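The values are calculated or read from the model by the stated rules, or taken from the named source; none is laboratory data. Just so we're clear, the structure is a prediction, and the values are computed from it rather than from any experiment. Note that we place each Cβ from the backbone using ideal geometry, even for glycine, and neighbour counts take in every protein chain shown.
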Amino acid sequence: MGTPVEGHERGFWHHPQLQALRRFMLVTRDAHGLYAGHGFSVPEAPANLMAIVKTDLYSASEGGMR
């Protein structure tokens, strides 16, 4: 990972213009403890969450970004 930009060591969710948002969500495979230390928690009803995952979005053969 790169060096944090000065003033952003605490994370983007501390930006003043984002403080009116009710919810921040993120996905992590193995850093739950790290983000818990920044106030994140497991959703109250994770079974209610849904996602669309486009695994081939960046594939050149599929016409995605190159």
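A few notes on this one:
- Counted residues, the range 38-66 - those being under 12 Å from Met25 (Cβ atoms) and either at pLDDT below 85 or surrounded by 10 or more Cβ atoms within 10 Å (Cβ to Cβ) (or both): 2
- Selection status of Phe12, of a type in the set (Phe, Trp, Tyr), at pLDDT below 90 and under 13 Å from the mean Cα position of the chain (by Cα): yes
- Filtered residues of the range 27-37 (kept if in a loop (DSSP other than H, G, I, E, B), surrounded by 10 or more Cβ atoms within 10 Å (Cβ to Cβ) and among the hydrophobic types (A, V, I, L, M, F, W, C)): Ala31
- Note on the range 8-26: residues that are in contact (Cβ under 8 Å) with a residue 12 or more places away in the chain and either assigned to a loop (DSSP other than H, G, I, E, B) or of a type in the set (S, T, N, Q) (or both) amount to 5.
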